[in-house]
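Each remark here refers to the structure printed beneath this line.
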Amino acid sequence: MPTTRPRHMITETDRLSSALEVAAEVWPDIAGEKGLLLRRILERGIDEVEKEGQGRVASRQLAIQSLAGSMTGVWPPGWREQLRDEWPA
């Protein structure tokens, strides 16, 4: 079928072959269509990757929030201006 979208070719490894067999049992309505099974497997994998990405973002945000304000008083008053004054104009 003509498309402007990129196409990808993959080799059916033993692990992928097993996954396709399991997928055919899980989704019997498309059991005879390896391309559809593969897309369904990929969609599930995409969901998991997105969840993991969201979890990492949430973890980083939590770390930032836990540190926010914890360094008050580390730099003396006027430190930024003093640092800038050291550089030539």
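Reported count of residues in the range 58-89, each being surrounded by 10 or more Cβ atoms within 10 Å (Cβ to Cβ) and hydrophobic (A, V, I, L, M, F, W, C), is 6.
Within the option set 68, 23, being out of contact with any Gly (no Cβ under 8 Å at 6 or more places or on another chain) and modelled with pLDDT under 95 holds for one residue only, 68. Among the residues of the range 1-23, those identified as surrounded by 10 or more Cβ atoms within 10 Å (Cβ to Cβ) and aliphatic (A, V, I, L, M) are 16, 19, 20, 22, 23. Applying a threshold of 8 Å to beta carbon distances and a minimum spacing of six or more residues, or different chains, the list of pairs starting in the range 33-62 at a residue that is without any contact (Cβ under 8 Å) to a residue 12 or more places away in the chain and ending at one that is surrounded by 10 or more Cβ atoms within 10 Å (Cβ to Cβ) reads 36/30.
The values are calculated or read from the model by the stated rules, or taken from the named source; none is laboratory data. Everything quoted here is computed from the prediction, not taken from an experiment. Neighbour counts run over all protein chains shown; Cβ positions are idealised from the backbone, glycine included.
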